[in-house]
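Working notes, structure below.
The values are calculated or read from the model by the stated rules, or taken from the named source; none is laboratory data. Predicted model only: the values in this text are computed from it and were never measured. Here the Cβ is made from the backbone with ideal geometry for all residues, glycine too, and neighbour counts use every protein chain on show.
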Amino acid sequence: MAFLFPCDVCKGDSLYINVGSTHWCVCERCKLKWCIGSRIFWDWEEESEFVWQRNTQILERFRPVGYDGANLAYSLTNGNEGDELPF
């Protein structure tokens, strides 16, 4: 885990994790998760499958929301979490 991003709902800090090349944020307070992109940061290249499996288990504890600019509008329920991202 690295970096802190503000949660759009509660404005508190969220944690950033990777699953493969896909980057996720999770907010412990709101119990939300959202994808922030793929292959934006380089740190995923130095992580192992074990780390990604652990991060996948972490993500299972959170409800998905999407991130579309400043709006939580794009819902990950429109696709599968393992699908290629549209960006």
Would you call Ile17 in contact with a Leu (Cβ under 9 Å, 6 or more places away or on another chain), modelled with pLDDT of 90 or more and part of a strand (DSSP E or B)?
yes
In the set Val9, Val26, the lone residue that is closer than 15 Å to Glu60 by Cβ and either surrounded by 15 or more Cβ atoms within 10 Å (Cβ to Cβ) or of a type in the set (Val, Ile, Thr) (or both) is Val26
Tell me which of these Arg54 doesn't satisfy, since it passes every other one: (1) within 22 Å of Pro6 (Cβ to Cβ); (2) among the basic types (Lys, Arg); (3) part of a helix (DSSP H, G or I).
(1)
